[in-house]
Amino acid sequence: MKAFEVDMPLEVAAKHRKSRAGNLLLFLTALTPAVYLGWLISATAVNILYADEWGYIFLFRHLSTHTLTLQDMVRQHNESRTTLPNLIELGLGVLTHWDTRWDMGVTFLFACIISLNVYLLSRRTLNLRQGLALWAVANLLIFSTAQSQNWTWGIQMIVFMPIMFITLGMLIAYSRMNVTWKFATCIALATASTFSYANGQLAWVLLLAALLIGSRGHGQRPRWRIGIWGAAFAANMWVYYHDYHAPVRSPSMLLIFKHPIDAIEYFTAFLGASLGQGFHELWVSVAFGVVLLSCLVIGCFYIWRRWRCGQARLLQLSSVWLLVAAYAVASAAVTTAGRLGFGLIYSQDSRYTTFSLYLAVGLLYLGAIIVNDVYRRGYFVSARALAVLGLGLVLIPHISTEIGGVRQMWADRRIRLSEKAFTQLLNLFPSPQGVYMHPHVLIEKDFLNQMGYLSPRLVVSRDLTKIAAPNGGEASGFIDAMYPLNESSWNAMGWGIIPGRQDPAEVVLLAGENGSGSAIAFAETLVGGTRPDVVKITHDHNFYLSGWGVTFKSADVPSGTTIISAWVYDPETGWAYRLGEARPFPG
């Protein structure tokens, strides 16, 4: 008997240690997607303004001349009023000389906050072990590279802010906080959501529903608080839509009525993109969208049936995840109405995946609640089958989507580096070819350079020896051939890589030399031609896109040139590296 009494506590302690070890393992597994993505962002991030970010320079201009006004902060950007992101951009810009990598860091921070909110919300409905296990799966979606553009485009913090504020509001709404303070706090969060991005206005509906559900049983009627909520909503809408105008390039929202089939296809493809994007076929995303919507309908029907049977608590537990799913569905509906005219393929834009993925997240937890209920009712086999099917629906397509997203982030890095190089060389070559340059670049480059917001600064001299890398750098490519096309034109081709980075170069410059020690640049070209021969020689597949070619006119070559050299330019350091041997030029 004594031996039994001694063994029992030891057995319980051993089980407890095993349980804690299992929970710790699940916790570390759940953090893995965030850690990996954090590394990937740091590896692929490029400090250069991209696309719409050039449209925010007016804020810095006005700040530098002390003419910044409240009207500037609430100024309309496309369909949104990005007041809160404007404040963040300005603050970080001043502190970091507008190093956009800090903006990307803020985006990642917002994703981490969303992830934490999701975990804390799950603790209301699931036990610790289940909560950690599903958090690990949810983080695969929240930190998915299917959102590739958003991770390395600083201003895209705006698409994370609405769901961050909404999930924060849900935590407040379902907490034990005083009901009046709940409403006050959620009004502030809904306002912040509204003035972050256009679909942030959904917070007023979603958070009100969460407040009404979360405040039941507190013994306080929320009628007058609903009145205050309505007044705050009306005030926000007045400020938002005062002097509002439809963006010039936006298609008509009436297209959804003219082309209902296309609208349905866009809507379902939008919702399925978080799982189907990696297959690069629109119909696959449509199929996943239909499956996810079907799961949502079936889940709602099950909960309604159980509610009719007196299981009201099941509805209470499920409500938060239904609201999360509703955020994705409503965002899909709004985007379909506003973007259908751009074409169906636009539904697969990785920028929108940050909205659509929360349908899968909501269903993930909703499914867990239903599986637990089915298990408690004694349908053990059915519960396990549902769990396996649900997890398979998320995990299997996620592999393909994640691989495609990682590749896209590295490809985007190359695009950003090319744009950065061409921007820094605008004083030498004001009309770059082969890369998209925002219309504001030529207008604003000198202001950015003066303020120290371009790093490295603009190249001001055509003499490349002035920016030649210390010690000349290592051999990083060659001019393979240079020959005349006719009496006035020449063609040159070769390959080039950036020493140290072990990447293909983004830009190659041709320079004329006359033995005086200078090298005067007269032509630039984008690098990106396929060179399997270089890969074979170097045994490095990274150099596959290291080829370049350029056609130039004899008249463009500096007078007195005897040889022509090729240089690769590194936009991250501002150094130029001379390639191999120069080629004679007859002049």
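The set of residues from the stretch 292-316 being farther than 18 Å from N372 by Cα and either aromatic (F, W, Y) or in contact with a helix residue (DSSP H, G or I) (Cβ under 7 Å, 6 or more places away or on another chain) (or both) comprises L292, L293. Residues considered: A269, A231, A263. Of these, the only one that is closer than 21 Å to V394 by Cα and among the hydrophobic types (A, V, I, L, M, F, W, C) is A269. Across the stretch 102-157, the number of residues qualifying as among the charged types (D, E, K, R), in contact (Cβ under 8 Å) with a residue 60 or more places away in the chain and assigned to a helix (DSSP H, G or I) comes to 1. Somewhere in the stretch 567-587, is a residue under 21 Å from T465 (Cβ atoms), outside any strand (DSSP E or B) and touching a strand residue (DSSP E or B) at 6+ places or on another chain (Cβ under 7 Å)? Yes, the stretch 567-587 has at least one match. All conditions but one from (1) without any contact (Cβ under 8 Å) to a residue 12 or more places away in the chain; (2) farther than 29 Å from R101 by Cα; (3) not polar (S, T, N, Q) apply to G512; the one that does not is (1).
A single member of L357, L364 is in the same structural domain as Q130 (by TED's automatic domain parsing), modelled with pLDDT of 85 or more, under 13 Å from L271 (Cβ atoms) and in contact with a Leu (Cβ under 7 Å, 6 or more places away or on another chain), and it is L357. Kindly indicate which of W238, W224, W229 is more than 24 Å from N78 (Cα to Cα), part of a helix (DSSP H, G or I) and free of Cβ contacts under 8 Å to residues at least 12 places away in the same chain. Exactly one of W238, W224, W229 is more than 24 Å from N78 (Cα to Cα), part of a helix (DSSP H, G or I) and free of Cβ contacts under 8 Å to residues at least 12 places away in the same chain, namely W224.
Residues in the stretch 334-376 that are in contact with a Gly (Cβ under 7 Å, 6 or more places away or on another chain) and polar (S, T, N, Q): 0 in all. The sole residue among A468, A492, A481 that is out of contact with any helix residue (DSSP H, G or I) (no Cβ under 6 Å at 6 or more places or on another chain), over 18 Å from I48 (Cβ atoms) and buried (at least 17 other Cβ atoms within 10 Å of the Cβ) is A492.
For the stretch 403-413, which positions are crowded, with 19+ Cβ neighbours inside 10 Å and either without any contact (Cβ under 8 Å) to a residue 24 or more places away in the chain or within 12 Å of A146 (Cβ to Cβ) (or both)? Answer for the stretch 403-413, where residues must be crowded, with 19+ Cβ neighbours inside 10 Å and either without any contact (Cβ under 8 Å) to a residue 24 or more places away in the chain or within 12 Å of A146 (Cβ to Cβ) (or both): G405, Q408, M409. The listed residues are S418, S382, and the only one of them that is farther than 30 Å from I41 by Cβ and either in contact (Cβ under 8 Å) with a residue 60 or more places away in the chain or out of contact with any Asp or Glu (no Cβ under 6 Å at 6 or more places or on another chain) (or both) turns out to be S382. On the stretch given as the stretch 36-45, residues that are surrounded by fewer than 21 Cβ atoms within 10 Å (Cβ to Cβ) and either under 14 Å from H97 (Cα atoms) or small (G, A, S) (or both) total 3.
When the residues of the stretch 22-73 are filtered to those that are of a type in the set (F, W, Y) and not in a loop (DSSP other than H, G, I, E, B), the one that is farthest from L132 (Cα to Cα) is F58. For the criterion of being under 30 Å from L140 (Cα atoms), in contact (Cβ under 8 Å) with a residue 24 or more places away in the chain, among the β-branched types (V, I, T) and buried (at least 17 other Cβ atoms within 10 Å of the Cβ), V394 passes. Checked against the criterion of being among the β-branched types (V, I, T), touching a residue at least 24 places away in the same chain (Cβ under 8 Å) and within 30 Å of L37 (Cβ to Cβ), the stretch 183-205 contains one or more residues that satisfy it.
Out of S274, S215, one residue alone is outside the structural domain of V329 (by TED's automatic domain parsing), out of contact with any His (no Cβ under 6 Å at 6 or more places or on another chain), under 23 Å from G362 (Cβ atoms) and crowded, with 16+ Cβ neighbours inside 10 Å. It is S215. When A210 is tested against (1) under 21 Å from S319 (Cα atoms); (2) in contact (Cβ under 8 Å) with a residue 60 or more places away in the chain; (3) surrounded by fewer than 19 Cβ atoms within 10 Å (Cβ to Cβ); (4) aliphatic (A, V, I, L, M), exactly one condition is not met: (3).
Annotation: L63 fulfils all but one of (1) surrounded by 20 or more Cβ atoms within 10 Å (Cβ to Cβ); (2) over 18 Å from M161 (Cα atoms); the unmet one is (1).
Quick one: is T562 surrounded by fewer than 16 Cβ atoms within 10 Å (Cβ to Cβ) and either among the small types (G, A, S) or in the same structural domain as D480 (by TED's automatic domain parsing) (or both)? Considered against the rule, which asks whether it is surrounded by fewer than 16 Cβ atoms within 10 Å (Cβ to Cβ) and either among the small types (G, A, S) or in the same structural domain as D480 (by TED's automatic domain parsing) (or both), T562 comes out as yes. Does the stretch 278-286 include one or more residues that are assigned to a helix (DSSP H, G or I), more than 21 Å from the chain's Cα centre (by Cα) and not aromatic (F, W, Y)? Checked the stretch 278-286: at least one residue is assigned to a helix (DSSP H, G or I), more than 21 Å from the chain's Cα centre (by Cα) and not aromatic (F, W, Y).
The values are calculated or read from the model by the stated rules, or taken from the named source; none is laboratory data. This one's a predicted model, so the numbers in the text were calculated from it and none came from an experiment. Note: ideal-geometry Cβ built from the backbone for every residue, glycine included; neighbour counts use all protein chains shown.
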